[in-house]
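Worksheet for the structure shown next.
The values are calculated or read from the model by the stated rules, or taken from the named source; none is laboratory data. All values derive from a computational prediction rather than experimental measurement. Don't worry about glycine lacking a Cβ; one is built from the backbone with ideal geometry, like all the others, and counts go over all protein chains shown. For accessibility, only protein heavy atoms count, side chains too; no ligands or nucleic acids. Shrake-Rupley method; radii C 1.70, N 1.55, O 1.52, S 1.80 Å.
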Amino acid sequence: MTRLTAIALAIVLSAITVRAQVQQPPAPWRGAGPTPCVGSDGGIFQCPPAPRVIAIRAGRLFDSKTGQMLTKQVIIVTGDRITEVGSEAQVKIPAAAEVIDLSQATVLPGLIDAHTHMFDARGPNGTTENSMVIAVANVQADLRAGFTAARDMSTHGNGYGDVAIRDAINQGRIDGPRYQVSTRGIVWGAVPANPAAPDNPLASAVVRSVEDAGAAVRDQIEHGADWIKLFPTGAYSFTAAGVAQYVVTYPMPVLRALIDETHRLGKKAACHVYGGDGQKNAIIAGCDTIEHAFGLDQEQADMMVRKGLYYDPTFVRYLEPAIDDNDAKNTGGKYRMIPIFEKAVSMAVATKGMKIMLGSGADGATYAHGTQALDFEALVKRAGLSPVRAIQAATTINAEVFGWQDQIGSIDKGKYADLIAVSGDPLADITELQRVKFVMKSGKVVRNDVSQRHP
């Protein structure tokens, strides 16, 4: 067994074991302190605290379903759920409740980032151990920035490590957003397999036929993938006349097989596309979320609306100076992709019925984890999205994409107590979301830089 294969196996096994149900140690506990919780892998950690009642006084509360800003609201949280929400006149605070005073702040649903890379980009000298440390630090930074849920869009050469992180968060072993993950991703192999140089088992799965496509989807879902990440286009370039052109990867029958098998197994597909025929193929084949799409045109946007597909521009990630640097190098400074991309996103925003998501693409390379709220400002100021729609992109729309609209995305009775607060009014100044002061996930206060707490 090679070292690379051994590492891949170790990551797979760790993901499988962490998914197993948390166990209690054998009674009676004869170790230090109170009886802890124990994972099936033998790891001991502090059990979650007993459910308690918390009352939050919200000076302003953003209703993400209606887009209205309400005032003088009270939210009652019991354990990890919201059990009551309404005006101060309607909701009575229980006598024994802990009160968190956010009466001078704006309370919003926890934000949802639909496109992250918790592992960053694995460098040539990176190790599995270092990658896991980086991932834990990144998910904690994202949570403290107000992103209480997220979708991870491939591990960048770290196998099924995102499954292990997701499950550790769900078990309460580490803090982080509630995740849906896409594991390794699936790419097209334009040349036949070479037994002397096998495909990297930690990187994206390589498919070379319709049969490979179905098998790769099944394998990733068996290993814990919530989403299947696909790459229907490759790099872009400019012709001598300045026309953008995009590499097509999968043949259409392979792309259809990938998406159809994903849907047959009850999962969704996300397609990394830049433009051209590969992008059009992804829309025709019914990829659930279209990511990036520099060259999106009106015909394709209208087709997305008819098919009920969602658009995740990852706007800031491709407005960065590094994009201009690359274009300047490749075209001698003649042509730029950023104006093309801005035009596409603005067109999508103006397209009736288009469901715009918020996804950052944060990967630690040119976009640091914890700073993703920059995308709100860009969507509002550079693409013309209203502040209400921008916040809804990261709440109700993304919750719907995840299939979690009954659990998160709005401040409603019965949903998870995922809440954030900022000092000002983000409808008046969308940059307020870059200065989150309070974060609660599942009723647990993760950050509190603004409120008074009373027992």
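Among the residues of segment 62-78, which ones are among the β-branched types (Val, Ile, Thr) and crowded, with 16+ Cβ neighbours inside 10 Å?
To start, the set of residues in segment 62-78 that are among the β-branched types (Val, Ile, Thr) comprises 66, 71, 74-78.
Scanning segment 62-78 gives Val74, Ile75, Ile76, Val77, Thr78.
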query = Somewhere in segment 429-447, is a residue within 19 Å of Glu342 (Cα to Cα), open to solvent by 40 Å² or more (accessible area, probe 1.4 Å) and among the acidic types (Asp, Glu)?
reply = no
task = For residues that are in a strand (DSSP E or B) and surrounded by fewer than 24 Cβ atoms within 10 Å (Cβ to Cβ), tally how many sit in segment 221-277.
result = 11
task = Return the pairs, sorted by first residue and then second, in which the second residue is open to solvent by 10 Å² or more (accessible area, probe 1.4 Å) and charged (D, E, K, R), the first residue lies in segment 291-319 and is assigned to a helix (DSSP H, G or I), the beta carbons are less than 7 Å apart, and the residues are 6+ apart or on different chains.
result = Gln300/Lys280
note = Matching residues in segment 23-62 (in a strand (DSSP E or B), within 21 Å of Asp167 (Cα to Cα) and either out of contact with any strand residue (DSSP E or B) (no Cβ under 7 Å at 6 or more places or on another chain) or of a type in the set (Val, Ile, Thr) (or both)) number 2
remark   = Phe376 vs (1) within 23 Å of Leu433 (Cα to Cα); (2) open to solvent by 20 Å² or more (accessible area, probe 1.4 Å); (3) modelled with pLDDT of 95 or more: all pass except (2)
inquiry  = Of the residues Gly359, Gly403, only one is modelled with pLDDT of 95 or more, surrounded by 24 or more Cβ atoms within 10 Å (Cβ to Cβ) and under 20 Å from the mean Cα position of the chain (by Cα); which?
reply    = Gly359
ask   = Which residue pairs have Cβ atoms under 6 Å apart, sit 6 or more places apart or on different chains, and have a first residue in segment 99-124 that is in contact (Cβ under 8 Å) with a residue 40 or more places away in the chain and β-branched (Val, Ile, Thr) and a second that is in a strand (DSSP E or B) and open to solvent by 10 Å² or more (accessible area, probe 1.4 Å)?
value = Val99/His454; Ile100/Arg453; Thr106/Arg60
inquiry  = Quick check on this structure: which one of Arg81, Arg52, Arg57, Arg144 is within 27 Å of the chain's Cα centre (by Cα), open to solvent by 30 Å² or more (accessible area, probe 1.4 Å) and over 30 Å from Leu230 (Cα atoms)?
reply    = Arg81
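Just checking, does segment 101-114 include any residue being surrounded by fewer than 16 Cβ atoms within 10 Å (Cβ to Cβ), under 26 Å from Gln392 (Cβ atoms), in contact with a strand residue (DSSP E or B) (Cβ under 7 Å, 6 or more places away or on another chain) and at pLDDT 95 or above? Step through it out loud before you land on a result.
Step one: filter segment 101-114 for residues surrounded by fewer than 16 Cβ atoms within 10 Å (Cβ to Cβ), giving 104.
In the following step, the residues that additionally are under 26 Å from Gln392 (Cβ atoms) were identified as 104.
If we keep only those that are in contact with a strand residue (DSSP E or B) (Cβ under 7 Å, 6 or more places away or on another chain) as well, we get 104.
Filter once more, keeping what is at pLDDT 95 or above: 104.
Within segment 101-114, one or more residues are surrounded by fewer than 16 Cβ atoms within 10 Å (Cβ to Cβ), under 26 Å from Gln392 (Cβ atoms), in contact with a strand residue (DSSP E or B) (Cβ under 7 Å, 6 or more places away or on another chain) and at pLDDT 95 or above.
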task = From Asn194, Asn200, grab the single residue that is modelled with pLDDT under 95, among the polar types (S, T, N, Q) and in contact with a helix residue (DSSP H, G or I) (Cβ under 9 Å, 6 or more places away or on another chain).
result = Asn200
remark   = Over segment 362-373, the set of residues over 20 Å from Val446 (Cβ atoms), of a type outside the set (A, V, I, L, M, F, W, C) and open to solvent by 30 Å² or more (accessible area, probe 1.4 Å) is Gly364, Thr366
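Residues that are more than 18 Å from Gly146 (Cα to Cα) and either in contact with a His (Cβ under 7 Å, 6 or more places away or on another chain) or among the charged types (D, E, K, R) (or both), at least 1 per element: which helices (runs of 4 or more DSSP H) completely within segment 361-412 meet that? Don't jump to the end; show me each part of the working.
Details: elements: 374-383, 387-392, 398-402.
Result: 374-383, 398-402.
If you go through segment 322-334 one residue at a time, do you hit one that is open to solvent by less than 40 Å² (accessible area, probe 1.4 Å), not polar (S, T, N, Q) and not in a helix (DSSP H, G or I)? Lay out the reasoning, then the answer.
Residues of segment 322-334 that are open to solvent by less than 40 Å² (accessible area, probe 1.4 Å), as a first pass: 323, 327, 331.
Next, from what is left, pick out any that are not polar (S, T, N, Q): 323, 327.
Narrowing the set further to residues that are not in a helix (DSSP H, G or I) leaves none.
No, segment 322-334 has no match at all.
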ask   = If you check every pair at least six apart or on different chains, which have Cβ atoms under 6 Å apart with a residue in segment 179-194 that is farther than 12 Å from Phe231 by Cα first and a residue that is among the basic types (Lys, Arg) and surrounded by fewer than 24 Cβ atoms within 10 Å (Cβ to Cβ) second?
value = none
query = Which condition does Ser131 not pass, out of (1) outside any loop (DSSP other than H, G, I, E, B); (2) modelled with pLDDT of 95 or more; (3) among the small types (Gly, Ala, Ser), if it passes all the others?
reply = (2)
query = Residue check: is Asp120 farther than 30 Å from Thr66 by Cβ, open to solvent by less than 10 Å² (accessible area, probe 1.4 Å) and among the charged types (D, E, K, R)?
reply = no
task = Go through (1) part of a loop (DSSP other than H, G, I, E, B); (2) at pLDDT below 95 and name the single condition Gly176 misses.
result = (2)
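Can you tell me which residue among Gly242, Gly224, Gly234 is in contact (Cβ under 8 Å) with a residue 24 or more places away in the chain and farther than 25 Å from Ala301 by Cα?
Values: Gly242 fails: farther than 25 Å from Ala301 by Cα; Gly234 fails: farther than 25 Å from Ala301 by Cα.
From the options Gly242, Gly224, Gly234, the qualifying one is Gly224.
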